[in-house]
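A short write-up of the structure that comes next.
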Amino acid sequence: MKHISKELFRTLSRTKATERGELMKYFCERLNGARRTDGFPPLGLPRMGHMLASIPTKDLYYIKSECDHADNFSKRFWYLLDPKKYEDKNKARTAKKSKLK
């Protein structure tokens with residue numbers, strides 16, 4: 001006869017799964033594949049949770065759909081997390097090109 005704690009543990013572990021957790025696992029799997037080929041260390045779930053902490057779950061679904069339709073999943077993901085960071089670089093790059101001409 002099995003002890004009741006084993007049965008309780010199994011039911012508790014099933015109920016802890018959330019939509020947000022599933023999305024975080026999905027992003028980690030997709031990003032870590034690209035990171036391995038580029039020679040970067042893999043992202044863990046704690047780091048992914050910290051990065052996505054301020055983003056509502058409905059926006060995570062939007063990011064997922066945008067990244068799935070993009071040619072480069074990783075590039076689109078990082079752009080959607082902080083577009084200002086990339087727009088500033090592009091502005092600086094175009095300003096340098098205009099000064100050179």
For T37, state whether it is part of a helix (DSSP H, G or I), at pLDDT below 75 and loosely packed, with under 13 Cβ neighbours inside 10 Å.
-> no
Members of the stretch 38-65 that are among the charged types (D, E, K, R) and under 12 Å from the mean Cα position of the chain (by Cα) = R47, D59, K64
Residue tally, condition exposed (fewer than 12 other Cβ atoms within 10 Å of the Cβ) and either of a type in the set (A, V, I, L, M) or touching a residue at least 24 places away in the same chain (Cβ under 8 Å) (or both), over the stretch 41-56 = 1
Taking A70 and the conditions (1) in contact with a Lys or Arg (Cβ under 9 Å, 6 or more places away or on another chain); (2) surrounded by 15 or more Cβ atoms within 10 Å (Cβ to Cβ); (3) without any contact (Cβ under 8 Å) to a residue 40 or more places away in the chain, which numbered condition does it fall short on, given that it satisfies the others?
-> (2)
Here the qualifying pairs (Cβ atoms under 9 Å; residues six or more apart or on different chains; first in the stretch 16-29 and in a helix (DSSP H, G or I); second surrounded by 11 or more Cβ atoms within 10 Å (Cβ to Cβ) and polar (S, T, N, Q)) come out as E19/T57; R20/T57; L23/T57
Among K64, K85, which is the only one that is among the basic types (K, R) and modelled with pLDDT under 90?
-> K85
For S5: the one exception among (1) at pLDDT below 90; (2) surrounded by 10 or more Cβ atoms within 10 Å (Cβ to Cβ) = (2)
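The values are calculated or read from the model by the stated rules, or taken from the named source; none is laboratory data. Model, not experiment: these values are computed from the prediction. Please note: Cβ atoms are built from the backbone with ideal geometry, for glycine as well, and neighbour counts cover all protein chains shown.
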